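Notes follow the structure.
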Amino acid sequence: MMEERVRGKRPLVHHITNEVVMNFSANGLLAFGGSPVMAKEREEVADIAGAADALVLNIGTLRSSDVETMIAAGKAANEKGIPILLDPVGAGASTFRKNAVRKITEELDVAVVKGNAGEIAALADIPLKVKGVDSEESGDSTDIALRASEKLNTCVVVTGATDIVAENGNYTTSSYGSPLLTQVTGSGCLLGTLIAACLTVEDEKEKAVLFAVEFYNKAAERAEANSHGPGSFAVSLLDELGGDV
Amino acid sequence: MMEERVRGKRPLVHHITNEVVMNFSANGLLAFGGSPVMAKEREEVADIAGAADALVLNIGTLRSSDVETMIAAGKAANEKGIPILLDPVGAGASTFRKNAVRKITEELDVAVVKGNAGEIAALADIPLKVKGVDSEESGDSTDIALRASEKLNTCVVVTGATDIVAENGNYTTSSYGSPLLTQVTGSGCLLGTLIAACLTVEDEKEKAVLFAVEFYNKAAERAEANSHGPGSFAVSLLDELGGDV
Amino acid sequence: MMEERVRGKRPLVHHITNEVVMNFSANGLLAFGGSPVMAKEREEVADIAGAADALVLNIGTLRSSDVETMIAAGKAANEKGIPILLDPVGAGASTFRKNAVRKITEELDVAVVKGNAGEIAALADIPLKVKGVDSEESGDSTDIALRASEKLNTCVVVTGATDIVAENGNYTTSSYGSPLLTQVTGSGCLLGTLIAACLTVEDEKEKAVLFAVEFYNKAAERAEANSHGPGSFAVSLLDELGGDV
């Protein structure tokens, strides 16, 4: 199974990510069998990305100067040929974020873009109501995934009660998971991290993405069964990431 | 009950807060039924605050440039008429923090200031021994609350074994809670977040504040009963925030 | 026992540390009986360090401007005579980090340097394979500890399955602990925090360090017995830090 290939390789995933979820993403990746490194100083990101197996770019608490840093890291990643996962957190919440994401997708070859319907719609310029960093699940998520995938010419994951993976005009859906995921900050960000880890052991991109989506959501289902609310659910989710699909 | 009105509205609370507690504050607000957004880039804070239902300003790991950012967000919040909750973490610990808090309270219309006795005393220029970001509970907390409320002309919450809510020369006390709260970093910050959420559904300010204080501390009492120490207490506290008062 | 002396003193430990572990370090210190303060604004760090009982410098998510800030805080700490614990996270992962650590050790009188074999080897210019912020445990850790201790002329702790404490050409080992510690981000950083706390109540440096190492790893053994994976282990570890050795 793919989780065993990840554990065997123990891929180093360089994160330039938001401050809210750093700890949860790092612990989730360790539980899953990967190795996290968080570094966002402009002077070192090319060195760090150049030594890594994958790069995660997450704009959750982006600062203005971070955009240039992400692009520097991303260029090192592209040069080395390691996958980049972009998580456009709250892309529709401000012009600043929208412009940042646009610049990142223009300058870098991104392997996978993952977000909720609102975030992906903002990327693809599809009008949609957005509330903070979370989006209402109105609109056709499948349509959003397909249009964004075509526009960005890459693999797009739209998360929600049903997760959609789209590329090259095709899409697949997956409907595992737990409603408690929406009550844990960074649960979507952690999925991005796990996708990045799976991309390091599987060349068939859609296969890697779907595996991560399914593995993570099944772990969430098991965690829900052991929990009394969102606090114990998050703890149990970390426990379950070391298990099997 | 007020917690149901919060869950029905799912208020978006914009935080400019410290890096230590971001994750816990976000998870606590999600558990309580609100929606957190963390953003501190000067270029976007007015957009984010302008879309939010409340704003939390917390100086726990303040940088020099954050003061201007907080004021920009606060002005957008004042213009829109949404409440601002100020948490002057460690206000007495350095001249830098004291000056920052002074500037924030001078430039903005703050709905509620919440802190421990030492922090509030620093704001109101009442001499008090302070140890780091926590203060000794010597001195008369009620007197501190009343004087600070008068001086700042706003609602002031002084937290401690007994919590005091003061405004317009009046005060109310509440004595629920758990000693384990003092062993969890950001437990006071999370209370500030919940107060901000309650202010979005209740115009009577003192009523909203007292509800949040009581709800939170009763949840802490239930959490203590289910815990074996500060680690499991913090987890259980998040679980309990989804319950009823 | 030393843990009781810490609880009696409740030492204030100033951290300039990485964003991934801030929350876990703060909660771990609170559970152990100390009082954390996190501050990294250049304008206030001398004030904060000057009021503290110990200083922890951790370069995990170091920014360029943080180096000067750490040195300013460290000079205040040296002037006051309080111990400095340096945690050179990922020191071998980039030239930037290596130079930063070198500058810090040159400018400051550091009481204890704590890291894994790769990090300490990078400090002492001993070639060793490094993977991200974690290092392969090849090479002779004892030799690395002794050489680094001699070169830096201070107490050095090399963590691993066996922990080594070296100073003045002598060394002691300790082999308690749990493999789950390697699956929790910041578990090593928290050990650094606890060492700093113990240094505030015990003048015999090696005694303080060994106590912290042993206490922490025995707590980890108890936590492992109560856990179902890395998530519940981390929670249980915090619970156990309030116990006895």
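Bear in mind that the values in this text are calculations on the coordinates, not laboratory data. Note that this is a predicted model, so its numbers are computed, not measured. Every residue, glycine among them, receives a Cβ derived from its backbone with ideal geometry; neighbour counts consider all protein chains shown.
With label points set 7 Å from Cα along Cα→Cβ, the inter-copy distances at B:Asn170 are 6.9, 6.9 nm, sorted shortest first. Sorted largest first, the principal axis extents computed over the alpha-carbon atoms of chain B equal 43, 40, 32 Å.
Placing a pseudo-label 7 Å from each Cα along the Cα-to-Cβ vector at A:Lys103 and A:Ala225 gives an inter-label distance of 4.8 nm.
Note on the range A:45-188: the C-alpha convex hull projects to 8.3 nm² when averaged across all orientations.
Helix check for chain C. Which DSSP H runs span at least 24 Å along their own axis by Cα, with a mean Kyte-Doolittle hydropathy no less than -1.0? Those that pass (Cα extent of 24 Å or more, hydropathy at least -1.0) are C:205-225. Distances between equivalent label points of C:Ser65 across the copies, with each point positioned 7 Å along Cα→Cβ, amount to 0.5, 0.5 nm, shortest listed first. Toward the positive end of the charge dipole of the protein assembly as shown, with +1 on the Cβ of Lys and Arg and -1 on the Cβ of Asp and Glu, the farthest Cα among C:Tyr176, B:Phe24, A:Val113 is that of A:Val113.
Comparing C:Ser141, C:Ser178, C:Ser94 in a Gaussian network model of chain C where C-alpha atoms under 10 Å apart are linked, the largest mean-square fluctuation is found at C:Ser94. Using the 7 Å Cα-to-Cβ label point, sort the distances from C:Arg7 to its equivalents in the other copies shortest first and give them in nm to one decimal. Ordered by distance, the counterparts are at 3.8, 3.8 nm. Residue by residue along B:97-105, Cβ atoms of other protein chains within 10 Å of the local Cβ number 1 on average.
Rg and Dmax of the protein assembly as shown, based on Cα coordinates, read 24.2, 69 Å. Taking B:Gly229, B:Gly115, B:Gly160 in turn, the Gaussian network model of chain B (Cα-Cα springs below 10 Å) assigns the largest fluctuation to B:Gly229.
Helix content alone sets the calculated 222 nm mean residue ellipticity of the protein assembly as shown: runs of n ≥ 4 DSSP H residues at -39500 (n - 2.57) each, divided across all residues, give -15000 deg cm²/dmol. Neighbours of A:Asn226 by Cβ distance under 14 Å: Lys/Arg scored +1, Asp/Glu scored -1, total -3. Take every Cα pair under 8 Å whose residues are at least 6 apart in sequence, average their separation, divide by the length of chain B, and the relative contact order is 19 percent.
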